[in-house]
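Comments concern the structure below.
The values are calculated or read from the model by the stated rules, or taken from the named source; none is laboratory data. Treat the numbers as computed from the prediction; the structure is a model and nothing was measured. Cβ atoms come from the backbone with ideal geometry, glycine included; neighbour counts cover every protein chain shown.
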Amino acid sequence: MKNIINYPEISVLLPVYNAERYLSDCLDSLLRQTFYNFEIIAINDASTDQSLSILKKYAERDKRIKVFSNKSNLKIVATLNKGLELASAPLIARMDSDDVAFPLRLELQYEFMKKHPEVAICGTAVQILGTDEIWSVPEFNTEIRAVMLFNSPILHPTVIYRKTTILNHNKYEDNFLYAEDYDLWHRLSQDKTIIFSNINKPLLYYRMTYNEKSPIYEQTQQKSANSIREKQLKLLGISPTADQLSLHNKISTYKKFNKIKEIIIAYLWLRKLSKTKVYTKEINDTCWQRWRHICRSSSCSISYLLYLLLPSSNQRFKIIKKAIFNKIQKIITT
């Protein structure tokens, strides 16, 4: 049995609900960390399987694992907030019970936060478990704030943050079910003194469990995310109509656009967003990344031509773009 850590540098916040299938993989990955000075705040949210038994067995082996149980199923937000109160370290690392941490995860994130005391929140890229696929993330504060206009720019199970920052901003809120992380980043983004960052290398194996998510879960999460996107747009001084918000949500979720008119309307919307005076370069970049996706994924024959509307310093292309844009305006008005 390993010694108790009296003054941990990191508290790993691990909510657990009916996770018996993958929980051992998760805990083993944490106990293999090259960084030692941490505690695991494992909260069993009234699981009906063997999750609690597994947690207790691991806690007997390693006293860094502290097991707590909710008397009833409080759901993720209340459980996370309970964990924040129970955590004794100044840094909180999140972990989902079905994911697997790289051995260097905590060490590299701890070193990053020590080296960059101005940073309040730091996530990482992930590798999809069982594949070579890597999800990259924006690295710098202004990039992250720009991407937030469309989606959560920090992958929640990879994050490490300063406990005081979260406690000072009302912790997690339950108004945005299954998008509580996106909501938290949105609220924190309104404080310009808060610096976001990502380490753009995978430090977590992320388990894809689409088949285990119910349609109700997906619908609820999307509804929550849509509401947050509307708030993000309003921070830019844009009050979208219902049609504009629907369009923005479609772009944000990488849906395909196969009709000429809707592709053109999407272009005009992104063009409008790209002209914002806030994080001008970064929002411009992320808008055109979305535009590239629309053009490349569309089966519409005009999509390649519209791809030429991407920003270019080449004068010839600028002339072509102007001609195309004039034709677009005629199509829209007819």
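So the values come out like this:
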quantity	calculated
Residue satisfying condition, being surrounded by fewer than 21 Cβ atoms within 10 Å (Cβ to Cβ) and either under 18 Å from LEU204 (Cα atoms) or of a type in the set (Asp, Glu) (or both), within set TYR22, TYR7, TYR17	TYR22
Exclusive hit being buried (at least 19 other Cβ atoms within 10 Å of the Cβ) and under 28 Å from TRP291 (Cβ atoms), set VAL159, VAL147	VAL147
Residues of the stretch 56-100 that turn out to be assigned to a loop (DSSP other than H, G, I, E, B) and within 18 Å of the chain's Cα centre (by Cα), as a count	5
Odd one out for LYS82, checked against (1) surrounded by 19 or more Cβ atoms within 10 Å (Cβ to Cβ); (2) over 22 Å from ASP181 (Cα atoms); (3) of a type in the set (D, E, K, R)	(2)
Some residue of the stretch 53-66 being in contact with a Ser or Thr (Cβ under 7 Å, 6 or more places away or on another chain) and at negative phi	yes
SER29 vs. criteria small (Gly, Ala, Ser), under 25 Å from the mean Cα position of the chain (by Cα) and modelled with pLDDT of 95 or more	yes
Criterion (touching a helix residue (DSSP H, G or I) at 6+ places or on another chain (Cβ under 6 Å) and among the polar types (S, T, N, Q)) met by exactly one of SER69, SER97	SER97
Verdict on GLY130 being over 17 Å from the mean Cα position of the chain (by Cα), assigned by the TED database to the domain that holds LEU184 and not in a helix (DSSP H, G or I)	yes
